[in-house]
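Chemist: Below you will find the structure I want to go over with you.
Values quoted throughout were computed directly from the atomic coordinates according to the rules given, and no laboratory measurement underlies them. Values in this document were obtained by computation on a predicted structure and should not be read as measured data. Virtual Cβ from ideal backbone geometry, glycine too; neighbours counted across all protein chains shown.
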């Protein structure tokens with residue numbers, strides 16, 4: 001069954017659109033049924049992109065990353081959307097004394113939560129077997145980030161004042 005595509009939402013300036021239904025389960029090389037990739041060229045209908053031929057039935061996070069790097073290395077202007085619950089409140093940055101920029105955040109996060117390493121499950125980090133996740137925990141009471149009423153494009157991690 002083909003998905004319906006409302007052409008009035010076509011965005012000018014991009015020749016390709018990629019949507020990723022993300023899953024952080026398992027390890028980077030775990031085949032995940034909840035990890036899906038869709039792509040539309042120009043004003044075409046989005047279609048599911050199947051994982052590359054392998055013994056695995058579904059995409060892995062590593063394979064999606066490699067595939068996406070290849071696509072973004074092409075000369076086609078591409079807009080990528082990822083359905084991913086990856087946001088952090090400003091309080092996280094304050095408590096852990098992090099600079100409010102992506103490179104600093106990502107370096108620090110990867111040091112403490114090395115779930116990009118093969119055979120590293122989130123539970124391994126939570127249980128102290130890998131990384132140092134206990135040093136980078138948060139609070140469920142902290143507010144998640146969202147775009148404020150007056151969006152500052154220079155800093156994508158803003159939230160309303162606490």
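Chemist: Going highest first, how would you order 17-29, 93-105 by mean Cβ packing within 10 Å?
Modeler: Details: 17-29: 17.0, 93-105: 12.8.
Per-residue Cβ counts within 10 Å, averaged per peptide and sorted highest first, yield 17-29, 93-105.
Chemist: Using a ≥ b ≥ c from the Cα gyration tensor of region 14-119 (square roots of the eigenvalues), is it rounded, prolate or oblate, where a/c under 1.5 gives rounded and otherwise the larger of a/b and b/c decides, a/b for prolate? Write out the running numbers ahead of the final one.
Modeler: Numbers: a/c = 2.31, a/b = 1.45, b/c = 1.60.
Here region 14-119 falls in the oblate category.
Chemist: Let me ask something else about it. Provide the gained length on full extension for the span residue 56 to residue 14, in nm with one decimal, where the gain is 0.36 nm per separating residue minus the Cα-Cα distance. Please report the intermediate quantities before stating the final value.
Modeler: On the way: separation 42, 0.36 × 42 = 15.12 nm, distance 3.17 nm.
Full extension from residue 56 to residue 14 adds 11.9 nm.
Chemist: Could I have the simple spin-label model distance between residue 83 and residue 96, label points 7 Å from Cα toward Cβ, reported in nm to one decimal?
Modeler: 2.6
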